[in-house]
Structures are given as C-alpha cells and as structure tokens.
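To keep things clear, I will list the structure first and then write my remarks on it.
The values are calculated or read from the model by the stated rules, or taken from the named source; none is laboratory data. Note that the coordinates shown come from a computational prediction; the quantities given were computed from them, not determined experimentally. Positions of Cβ are generated from backbone atoms using ideal geometry, with glycine treated the same way; all protein chains shown enter the neighbour counts.
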Amino acid sequence: MAIDVAELRNLPPNEKLNLINLLWDDLRESGIPKLPPEELEEIERRYQRMIDHPEEALTIEQMWARVDELRK
C-alpha cells in the first residue's frame with residue numbers, strides 16, 4: 001500500500017487527528033519500539049539540565065504564547 005503524503009496533508013484537521021489517534025493506538029497495542037541508548041542518554045541529559053536549571057524552562061502558558069507568536 002502506497003501512502004500519498006499530499007493526500008494526507010489535504011485532510012481536514014479533525015481527520016488528521018483521528019488518523020494520529022488510530023496510529024498511536026496501533027503502536028501502543030503492537031509495542032512501542034525501544035529507543036537507542038544514545039537517544040535515552042540525550043533525554044536524560046536534557047532532563048537533568050532542566051532539573052539543574054529550572055530558570056531556563058518555560059511554563060505551559062509561556063510555551064503556548066511563544067507558539068502563538070511564531071504562528072503570526
């Protein structure tokens with residue numbers, strides 16, 4: 001089965017979200033692949049950086065405000 005990416009991009013937002021949810025549920029049922037060790041190490045490094053320097057983190061409100069700015 002070939003996937004037409006252009007067709008997927010033309011789906012309305014609610015259909016895209018439904019597709020994402022279907023795919024996520026399928027992944028969860030079939031088993032989410034394990035991350036390579038170097039990716040796990042990078043996640044841990046970033047997490048530790050956030051713990052060590054909380055002043056660098058954004059609140060959820062700040063993050064969404066930034067997203068809104070970038071979308072303009």
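Can you find, within the stretch 33-68, the residue that is nearest to Leu23 (Cα to Cα) among those that are aliphatic (A, V, I, L, M) and surrounded by 10 or more Cβ atoms within 10 Å (Cβ to Cβ)?
Let us first name the residues in the stretch 33-68 that are aliphatic (A, V, I, L, M), namely 35, 40, 43, 50-51, 57-58, 60, 63, 65, 67.
Next cut, surrounded by 10 or more Cβ atoms within 10 Å (Cβ to Cβ) only: 35, 40, 43, 50, 57-58, 63, 65.
On the way: Leu35: 18, Leu40: 23, Ile43: 24, Met50: 30, Ala57: 31, Leu58: 30, Met63: 26, Ala65: 29 Å.
Step by step, filter the stretch 33-68, then rank; the result is Leu35.
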Exercise. Quick one: would you say Leu8 is surrounded by 10 or more Cβ atoms within 10 Å (Cβ to Cβ) and either assigned to a helix (DSSP H, G or I) or touching a Leu at 6+ places or on another chain (Cβ under 8 Å) (or both)?
Worked result: yes
Exercise. Which of the residues spanning the stretch 15-57 are more than 17 Å from the chain's Cα centre (by Cα) and either aromatic (Phe, Trp, Tyr) or not in a helix (DSSP H, G or I) (or both)?
Worked result: Gly31, Pro36, His53, Ala57
Exercise. Given (1) assigned to a loop (DSSP other than H, G, I, E, B); (2) at pLDDT 90 or above, where does Ile3 come up short, assuming only one miss?
Worked result: (2)
